[in-house]
């Protein structure tokens, strides 16, 4: 739903001699996610951000020999939460899902700031005790891995969201989870017993068989329609 800030990404990329458009940056994100998902590639673990950035800048056109240095420059500029660019059609897609009257929640591998960021970006918000209503789409829960201590693809993080949304165990196979990572979203959803849908706008999924794909987030609305 949200991407790294173009304002932070562009200066090192331009200094490296590439001039990506906003659409190029969004495409590079999906390319980098797919590269991280390649079968046989070891999970990045604590170095995920650095490895993602190397794949990302390469996808933007930075020569492979220069990619580590450019990625390091971006890592220095993005110290802290930097996912502040809202993807196209995100709010409208969430509104379409919310209009179906179905329970709606967010499950994110993040650093503890995603709920606040989604609220400030006016994407969505989860009302809680003492929390004022926000702008954007109201959702039932926002689960941040850094807050709850477990991350995708561990099915436990999905269970936390399902419990918060009060989805009975018998109904969980009807739940749709949409995400942009084969390794974290699709694998995790399958382990949790929910239906995975891979947001894969450019067809980069390295192992596309056995799960559904959509090219745009709004395509989830007919899939989620009862």
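The values are calculated or read from the model by the stated rules, or taken from the named source; none is laboratory data. As the structure is a computational prediction, the values presented were derived from the model and not from experiment. All Cβ positions, glycine included, derive from the backbone under ideal geometry; neighbour counts span all protein chains shown.
Would you pick out the residues in the range 141-165 that are more than 23 Å from residue 102 (Cβ to Cβ), touching a residue at least 40 places away in the same chain (Cβ under 8 Å) and in a helix (DSSP H, G or I)? Listed by number, the list is empty, since nothing qualifies. Within the set 111, 58, the sole residue that is outside any helix (DSSP H, G or I) and touching a helix residue (DSSP H, G or I) at 6+ places or on another chain (Cβ under 7 Å) turns out to be 111. Is it the case, given these coordinates, that residue 204 is under 19 Å from residue 42 (Cα atoms), assigned by TED's automatic domain parsing to the domain that holds residue 94 and part of a loop (DSSP other than H, G, I, E, B)? When the stated conditions are applied, residue 204 passes them. Of all residues in the range 166-186, those being assigned to a helix (DSSP H, G or I) and either farther than 25 Å from residue 41 by Cβ or in contact with a strand residue (DSSP E or B) (Cβ under 8 Å, 6 or more places away or on another chain) (or both) number 9.
Mind checking which residues of the range 68-92 are over 24 Å from residue 108 (Cβ atoms) and surrounded by fewer than 19 Cβ atoms within 10 Å (Cβ to Cβ)? Passing the criteria: 68, 69, 72, 73. Inside the range 87-108, residues that are out of contact with any helix residue (DSSP H, G or I) (no Cβ under 9 Å at 6 or more places or on another chain) and not in a loop (DSSP other than H, G, I, E, B) make up a count of 3.
The residues of the range 137-153 that are farther than 18 Å from residue 104 by Cα and either surrounded by 18 or more Cβ atoms within 10 Å (Cβ to Cβ) or in contact with a helix residue (DSSP H, G or I) (Cβ under 7 Å, 6 or more places away or on another chain) (or both), listed by number, are 148, 150, 151, 153.
Take the conditions part of a helix (DSSP H, G or I), under 19 Å from the mean Cα position of the chain (by Cα) and closer than 20 Å to residue 207 by Cβ and apply them to residue 26. Does it pass? When the stated conditions are applied, residue 26 does not pass them. Considering (1) closer than 21 Å to residue 220 by Cβ; (2) part of a helix (DSSP H, G or I), the lone condition that residue 72 does not fulfil carries the number (1). A single entry from 77, 94, 8 fulfils the requirement of being assigned by TED's automatic domain parsing to the domain that holds residue 203 and at pLDDT below 95: 94. Residue 198 satisfies every condition listed in (1) in a helix (DSSP H, G or I); (2) under 16 Å from the mean Cα position of the chain (by Cα) except (1). Say whether the condition of being in contact with a strand residue (DSSP E or B) (Cβ under 7 Å, 6 or more places away or on another chain) and part of a helix (DSSP H, G or I) is met by at least one residue in the range 121-131. The answer is no, given that none of the residues of the range 121-131 is in contact with a strand residue (DSSP E or B) (Cβ under 7 Å, 6 or more places away or on another chain) and part of a helix (DSSP H, G or I). Given the criteria in a helix (DSSP H, G or I), outside the structural domain of residue 165 (by TED's automatic domain parsing) and surrounded by fewer than 20 Cβ atoms within 10 Å (Cβ to Cβ), does residue 65 qualify? In short, no.
Of all residues in the range 11-42, those that are surrounded by 12 or more Cβ atoms within 10 Å (Cβ to Cβ) and either in the same structural domain as residue 180 (by TED's automatic domain parsing) or in contact (Cβ under 8 Å) with a residue 12 or more places away in the chain (or both) total 22.
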